[in-house]
Number of protein chains: 6
Amino acid sequence: MTDDVMGDVTGLAGLLYEFGLLKRYKRTGWLVAGVRDPESIAEHSFRAAVIAGMIAKLEGADAERAAFMSLFHDTQETRITDIPYIGKRYLKAASNEDVTADQVRGVPAEVADMVGEAVAEYEEKASLEAVCARDADKLECLIQAVEYREQGHQNVQGWIDSSLAAIKTTTGKRLAEEALSTGTLEWVTRVLNGD
Amino acid sequence: MTDDVMGDVTGLAGLLYEFGLLKRYKRTGWLVAGVRDPESIAEHSFRAAVIAGMIAKLEGADAERAAFMSLFHDTQETRITDIPYIGKRYLKAASNEDVTADQVRGVPAEVADMVGEAVAEYEEKASLEAVCARDADKLECLIQAVEYREQGHQNVQGWIDSSLAAIKTTTGKRLAEEALSTGTLEWVTRVLNGD
Amino acid sequence: MTDDVMGDVTGLAGLLYEFGLLKRYKRTGWLVAGVRDPESIAEHSFRAAVIAGMIAKLEGADAERAAFMSLFHDTQETRITDIPYIGKRYLKAASNEDVTADQVRGVPAEVADMVGEAVAEYEEKASLEAVCARDADKLECLIQAVEYREQGHQNVQGWIDSSLAAIKTTTGKRLAEEALSTGTLEWVTRVLNGD
Amino acid sequence: MTDDVMGDVTGLAGLLYEFGLLKRYKRTGWLVAGVRDPESIAEHSFRAAVIAGMIAKLEGADAERAAFMSLFHDTQETRITDIPYIGKRYLKAASNEDVTADQVRGVPAEVADMVGEAVAEYEEKASLEAVCARDADKLECLIQAVEYREQGHQNVQGWIDSSLAAIKTTTGKRLAEEALSTGTLEWVTRVLNGD
Amino acid sequence: MTDDVMGDVTGLAGLLYEFGLLKRYKRTGWLVAGVRDPESIAEHSFRAAVIAGMIAKLEGADAERAAFMSLFHDTQETRITDIPYIGKRYLKAASNEDVTADQVRGVPAEVADMVGEAVAEYEEKASLEAVCARDADKLECLIQAVEYREQGHQNVQGWIDSSLAAIKTTTGKRLAEEALSTGTLEWVTRVLNGD
Amino acid sequence: MTDDVMGDVTGLAGLLYEFGLLKRYKRTGWLVAGVRDPESIAEHSFRAAVIAGMIAKLEGADAERAAFMSLFHDTQETRITDIPYIGKRYLKAASNEDVTADQVRGVPAEVADMVGEAVAEYEEKASLEAVCARDADKLECLIQAVEYREQGHQNVQGWIDSSLAAIKTTTGKRLAEEALSTGTLEWVTRVLNGD
């Protein structure tokens, strides 16, 4: 790390505090659905990144790249919040690329470029890794919806349907089908049975 | 994806539900520190993965590899829970490698290998990427401690001190110093001032 | 109530469920400030309406009108969410009047007009009642900030300063000064002392 | 505002802090029903006031008056708490008028009178506006019960039944029927379908 | 257990569900003090019972008797709620003995007598065990206040002062002094240092 | 209390703060089951102690002894946490007797012995009081599971089944059957009907 880079460490520390907001911001859609204390954006992004890596691996894509993009797929929401579906009719947001450019201003150039490129590739939806990362976003939402349903929430079907319809890869589709036909705690039973 | 692989999709869907537990499990140390409703393991892991990528980039390591390892650095806690520091005197846990091996049993082999190798490299602490990911774990904890302090919690100094002492890379150390000398909301002021 | 009006009761019941979202949506600014589980929009609107009536009374305005307008000053946020200050740089929202017009479509005309007129008057900022209601919004925020500060939160000064600066009426200013120079629990002491 | 009035501003600021307690006090009945983290009194009062205005409008009464009374219908609970139905057998509370008189002691006389008169009219149950405001209290409870039921709670039928039985106006009854025959999220579907 | 007793098992199961409410009811005083999500009555009663046993042991009293009484010292609050200090001016409650008598109606006689006698002895304040149990109630409150203070809450001094003033036994007083002069996490340091 | 004993008061105050952690630690099993904000260990222990006293009374055992043991049956979890069932495959914990011995080090000897003996008797499972206290632990879990089920949670059957199977006393079994065949709010209906 050169001295020049070091001059931007203040900006980078600030960005890490900014991303802390993703732990406090809740996923708005679940509030619409009636979940009073839903998951945070950070929680969604964590499992989405894990899923992105797995789908990519099974689709023959670069798993680490897909997971990496996935980490940043909602980081813009520190500035534009998580706009629910219904809100898109009333709000015109800056592009995720532009928001990201603002966020990484004052951050060491290598890091700024790295994040900007990840966001750009994700938004472009062209590379196989981007497709896998986008499927992961949808599949994570579907899985969370099933979890909320088993916790009693009766209004999540819309989220399941729209997530399912948006999944593109074979792996993503197969995993969604599986997730819909299994209980969320069957894994515990399998472990306890030694399967 | 071959048919054989497809046979393991049930196992993989189960693993995704298992990882959902990381959204519900809280970081135990903060409960000790007096935070009644602290962050989840998933929230910590999300920001840790982002930080790992950034430290790695600035240290000249593979950012995506570091972030990827970071995603799995606490996933074993679905089975062994997040044992607080004081608990390590009373509990002997299976190794993270062994727990991971159990977790990925019944998962498509490519995914099982991918996760197992990421965990093994992280636990070995040898590669530069592993060192960066381990620093990210500590730095994330330090940053969260500062955030809790600004929310009123007066018992987080021990977490700041021990995290700081464990950080190894130059980048990690510089970021920790910065984080300790900045307020957690200064980034907002900079944005509003157009800096 | 005529039969025609009755045909719109479905729409009105829907609007009441829509407003239920204001109980689940949190005030976003407090999340930025570091409050993990802050008040809802409904909670803010309740006290704002009470304050609006009181300021209006002391300013010689129509208290009930000011309180009534105040009830609807944030109801548009079911569709556009509570955009934090920093978000206004990145989001262009439909006007509150337009959002309201959409919300009351299919609602009995008398109610639709009543709500639309209240929102329009509030947004116009011209009538004394509107000025009082707008002061109430700011004063409520200031008072909540002081309450959060006494609960430990150290990052609320910005909210106090900007609220204070925006208050226009003499009554609002005097109440803000009082609120800043009193502890939030002094009323309990006065009651217990029989003052 | 005269100087004399100004001398009571301390008391008024204290009352605003006292009303802050309505954000922290939960509606006790829901705790009985099994809701671990239910709505606050402030949240209930907000939607009740909105409903009161709407019912009054459709019943040909003064909407602003009904809404205004509704704002204060539970403010006494800062001192007597929200006594659940079962508690009424064991607790004898001061009248709401007497509690209000104590609350507004030391508050500017115009405000004290305004609040006292609103409470008195509500408690007298005689004016059409009071009847509408009382219906709003019941209808709000019924609607919230339906929302909790869709979130999984299976013990809210008693609250629905007793609320329904207590509603007096034609408008209130029609709205209750509608609320019971609609899903809580149908409004979203209508918006997305452009209805 | 005779057949006759068995006939009352329904009543006893009902009482156990009734006591479940003590997990959901929060300690009202802390809500006044500004704690948004405070401890439940059950949580307070648990530690109070433990403390009662310890104080009694050191005061030469029957530790098990003191702890047992302590378990039931707030169980009446399922019916009369936890009335905050300020509320006592406005609410006249049935005696704890009378409430208890109602609660244990329909419960096997041996259990009814056992609970009734524990409550009566506690309310009589005569036996040394009752004095110890009452001190435990106060000391528990003081300790919790210190914990909330270290979590940032600045309005708990009144609770500390009034609790301290009410403690009667030498042991209770010594423990209160100790609790006030120690940090809430010093026990962790001692354990980690091997003290 | 002698001077020597007084020297250990610091240790005892520390233990009371340590037990405060039982209010913050959640019962892990419920997190596995999908309850996002479940009861604390303290809440469980409170009702378990009450139940232990009642079962013991009806079984002809010493009710106060059973309740007292019950208070300490999970206090070791401040150091070893509440290990979920699945975790027992991966974690080897120190014995509860050894953990307790560590906890009461530096505490007045009479108290240390009292707690140590209560834990030892509970762990030995030999005395009738210990059997009753152990049944109370299971019955409390079963009752809580039913409560969660009525709140919407669909994954608690495993907890009901395993708790039921482990109950040994006639009273415990009868109460479990009753609890499973009654609604959790039937006691309210009985009270309101004057039964």
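Side notes on the structure shown:
- For the axis carrying chain E to chain B: nearest C-beta residue of E, whole Å: E:Gly152, 1
- Accessible area in square angstrom per residue, segment A:67-195, 1.4 angstrom probe: 38
- Scanning chain B for long hydrophobic helices, with DSSP H runs required to stretch 20 angstrom or more by C-alpha along their axis and to average at least 0.0 on the Kyte-Doolittle scale, returns B:9-24, B:41-58.
- Taking θ as phi - 60° and the Karplus parameters 6.51, -1.76 and 1.60, the scalar couplings of segment A:84-93 work out to x, 3, 5, x, 5, 6, 10, 10, 10, 9 Hz in sequence order, x denoting glycine and proline.
- Given charges at beta-carbon only (K, R positive; D, E negative), |dipole| of segment F:49-195 in Debye: 480
- Accessible-area composition of segment F:1-104, carbon plus sulfur, in percent [1.4 Å probe]: 44
- FRET efficiency for D:Arg190 and B:Glu177, using Cβ-Cβ distance with R0 set to 60 Å, rounded to 0.05: 0.65
- Remark: segment F:79-157 carries a charge dipole of roughly 560 debye about the Cα centre, counting +1 on each Lys and Arg Cβ and -1 on each Asp and Glu Cβ.
- Debye, to nearest 20: dipole size of the protein assembly as shown, +1 on Lys, Arg Cβ, -1 on Asp, Glu Cβ: 0
- Which of A:Val107, A:Ala133, A:Val146, positive extreme of dipole for segment A:101-152 (C-beta unit charges): A:Val146
- Its relative contact order, with pairs defined as Cα atoms under 8 Å and 6+ residues apart, puts chain E at 23 percent.
- Values of log10 I(q)/I(0), in the order q = 0.14, 0.15, 0.21 Å⁻¹, for segment F:103-195 under a Debye, Cα-only, solvent-free model: -0.67, -0.73, -0.98
- Shape category assigned to chain D from the gyration tensor of Cα positions, a/c cut at 1.5: prolate
- For segment F:16-84, averaging the sequence separation of C-alpha pairs within contact (under 8 Å, six or more residues apart) and dividing by the residue count gives a relative contact order of 35 percent.
- Label-point spacing for D:Glu124 across the identical copies (point 7 Å from Cα in the Cβ direction), in nm and ascending order: 3.3, 5.2, 7.4, 7.4, 8.5.
- Dipole of segment F:148-195 [Lys/Arg +1, Asp/Glu -1 at C-beta], most positive-end residue of F:Gly183, F:Gly194, F:Ile167: F:Ile167
- Sorted from nearest, the other copies put their E:Arg105 label points 3.7, 5.5, 5.7, 5.7, 7.2 nm away, the label point being 7 Å from Cα in the direction of Cβ.
- For the cross-link pairs C:Lys57/D:Lys23; B:Lys138/E:Lys173; C:Lys26/D:Lys88; D:Lys23/E:Lys125, the ones whose C-alpha atoms lie over 31 Å apart are B:Lys138/E:Lys173; C:Lys26/D:Lys88; D:Lys23/E:Lys125.
- Averaged over the residues of C:59-70, the number of partner chain Cβ atoms lying within 10 Å of the residue Cβ comes to 4.
- Structure-based [θ]222 nm, the protein assembly as shown - -39500 (n - 2.57) summed over DSSP H runs of at least 4, per residue, nearest 500: -21000 deg cm²/dmol
- Reported to the nearest whole Å, the Cα centre-to-centre distance from segment F:16-56 to segment C:32-75 is 40.
- Pairing chain A with chain B buries about 6000 Å² of accessible area. This figure sums both sides and uses a 1.4 Å probe.
- Mean separation of Cα contacts under 8 Å, 6 or more apart, over the residue count of segment C:39-137: relative contact order %: 39
- Oblate is the label for segment C:36-109. Its Cα gyration tensor axes, ordered a ≥ b ≥ c, give a/c of at least 1.5 and b/c at or above a/b.
- Across the identical copies, the label point of F:Asp161 (7 Å from Cα in the Cβ direction) is separated from its matches by 3.4, 3.4, 5.0, 5.8, 6.1 nm, in order from shortest.
- Distance from the alpha carbon centroid of segment F:98-128 to that of segment A:113-142 works out to 57 angstrom.
- Rounded if a/c under 1.5, otherwise prolate or oblate - segment F:21-73, Cα gyration tensor axes: prolate
The values are calculated or read from the model by the stated rules, or taken from the named source; none is laboratory data. Bear in mind that the values here come from a model prediction, so they are computed numbers and not experimental data. When we count neighbours, we look across all protein chains shown, and the Cβ atoms used for this are built from the backbone with ideal geometry, even at glycine. For accessibility, only protein heavy atoms count, side chains too; no ligands or nucleic acids. Shrake-Rupley method; radii C 1.70, N 1.55, O 1.52, S 1.80 Å.
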